[in-house]
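Visitor: One structure coming up, written as structure tokens, with questions to follow.
The values are calculated or read from the model by the stated rules, or taken from the named source; none is laboratory data. A quick note: this is a predicted structure, and the numbers were derived from the prediction, not measured. Quick reminder, even Gly has a Cβ in these numbers, built from the backbone with ideal geometry, and neighbours come from all protein chains shown. These accessible areas exclude ligands, DNA and RNA; they are computed on the full protein's heavy atoms, side chains included. Shrake-Rupley method; radii C 1.70, N 1.55, O 1.52, S 1.80 Å.
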Amino acid sequence: MTSRTVTLLDVARAAGVSKSTASDALQGSGRVAEATRDRVRAVARELGYRPNSAARRLRRASTGAVGLYLPQTATRLDYYMNLAFGAVARAQEEGLDVVLLAPAGAASGPVGSRVDGLLLIDPEVGDSAVPGLLDAGVPVVTGERYLGPAAGPSGAVVCDNAASLTALLDHVTGRGARRPAVLAPAGTSAWATALRATAASWGRAHGVEVALRTVPFAATPGEAEETTRALLSADPAVDAVICAPDGSAPGVLRAAAALGREVGGRHGTDGGSGGSSSGNGDGGRLGGAPLLVASCVDGTATRSSEPPVTAVDLRPAAYGRACAELLCDILADRAAPDTVRDHAWSLETRASTTPA
């Protein structure tokens, strides 16, 4: 080494571990494998690392707070607000405050000195703030897995998003749909990636062509309406639309109404295409065959629509609570830093997919 001071990050890189793991190994804390602990200590000796005693005292002191990092679009989505409330409620039970991290602030400054741990919800590979947060030197729990490279282990609470979209596709085809479409979210979060992949794989497995359209991660009802109108106009055979983004379902309903497509009506079950109408027949309706509508995210918009929309209830408040609970367990050494827990969802069937 040169004459410059050897840092903890130098030790971590040389040992092939994260900064937080190197810190735990040198301090004899956390759940670090004995072989890893020995390797880190050997590397520290070889490099001549000398810990900063003042920094160690500060690091061992609790800040009494955890950080919460949400997607940039979260402020206008009902789902993330309910998730945040659940996380705050659980953290408060442990005597911890929750600090909401703004995207700009999260990317700069020593976040690890301000909080005891971090909650990262739906982290995207393209978010420049995420790598630094994952390597902030404090325990991290992600809501859904981070699909990019990470320097060290993190806990996670995950939903089976492939299974939830599969359930929706099975549901609408079980109700007679023969040409389903999915308005899938753009982006590189685990949720968005899983939905796009599942729409394609389900179609191959069932010999059904799923009309896949990509919309913004937090598509507005207006954006969903525009996409749906273009889809149904270009492909009138589509007889079921599953929209992914939270709060976008009313836009799909408006598009159906504008094109004269009855939502939730009875489909044929004789094996023919439910959407084979040319758009000027079928009992005089402008749009022809009925249209089934469903959503990948339940919320106020799906419950209060007319008709109410079938949706996957991801139980966001309980999800936020589960993320905070795992982080609290890791901080209290009740769980390993890389613990992964599952979160349950349910399918709520409503009039938008129920034949009249």
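Visitor: Restricted to region 284-315, and to residues that are in contact with a helix residue (DSSP H, G or I) (Cβ under 7 Å, 6 or more places away or on another chain) and open to solvent by 20 Å² or more (accessible area, probe 1.4 Å), which residue is nearest to Ala224 (Cα to Cα)?
Guide: Once the filter is applied, the top-ranked residue is Ala301.
Visitor: Another question, then. Given the condition open to solvent by 20 Å² or more (accessible area, probe 1.4 Å) and of a type outside the set (Asp, Glu), answer yes or no: does some residue in region 117-125 qualify?
Guide: Among the residues of region 117-125, at least one is open to solvent by 20 Å² or more (accessible area, probe 1.4 Å) and of a type outside the set (Asp, Glu), which makes the answer yes.
Visitor: Okay, moving on. Starting from region 4-17, take each residue that is free of Cβ contacts under 8 Å to residues at least 24 places away in the same chain and list its partners that are surrounded by 15 or more Cβ atoms within 10 Å (Cβ to Cβ), counting only C-beta distances under 6 angstrom and pairs at least six apart or across chains.
Guide: Pairs found: Leu9/Lys19.
Visitor: Please name all residue pairs, on different chains or six or more residues apart, with Cβ atoms under 6 Å, provided the first residue is in region 233-256 and is open to solvent by 10 Å² or more (accessible area, probe 1.4 Å) and the second residue is among the aromatic types (Phe, Trp, Tyr).
Guide: Asp246/Tyr79
Visitor: For residues that are of a type outside the set (Lys, Arg), open to solvent by 50 Å² or more (accessible area, probe 1.4 Å) and over 16 Å from Pro123 (Cα atoms), tally how many sit in region 62-80.
Guide: Total satisfying the criteria: 3.
Visitor: Filter region 206-264 for residues that are among the small types (Gly, Ala, Ser) and in contact with a strand residue (DSSP E or B) (Cβ under 6 Å, 6 or more places away or on another chain); which is farthest from Ala194 (Cα to Cα)?
Guide: The selected residue is Ala256.
Visitor: For residues in region 139-166 being outside any strand (DSSP E or B) and open to solvent by less than 30 Å² (accessible area, probe 1.4 Å), which is nearest to Ala332 (Cα to Cα)?
Guide: Among those that are outside any strand (DSSP E or B) and open to solvent by less than 30 Å² (accessible area, probe 1.4 Å), it is Gly152.
Visitor: Here's another thing I want to ask about it. For region 191-204, check the following and say yes or no: at least one residue is under 22 Å from Ala74 (Cβ atoms), among the basic types (Lys, Arg) and surrounded by 15 or more Cβ atoms within 10 Å (Cβ to Cβ).
Guide: Yes, the conditions are met somewhere in region 191-204.
Visitor: Here's a check for you: in region 323-343, which residue that is over 19 Å from Ala65 (Cβ atoms) and not in a loop (DSSP other than H, G, I, E, B) is most open to solvent (accessible area, probe 1.4 Å)?
Guide: Across region 323-343, the extreme among qualifying residues is Asp342.
Visitor: Which of the residues that make up region 210-238 are within 15 Å of Ser248 (Cβ to Cβ) and assigned to a strand (DSSP E or B)?
Guide: Those that are within 15 Å of Ser248 (Cβ to Cβ) and assigned to a strand (DSSP E or B): Arg213, Thr214, Val215.
Visitor: For region 1-50, which fully contained helices (runs of 4 or more DSSP H) count at least 2 residues that are at pLDDT 80 or above and under 31 Å from the mean Cα position of the chain (by Cα)?
Guide: Qualifying helices (runs of 4 or more DSSP H): 8-15, 19-27.
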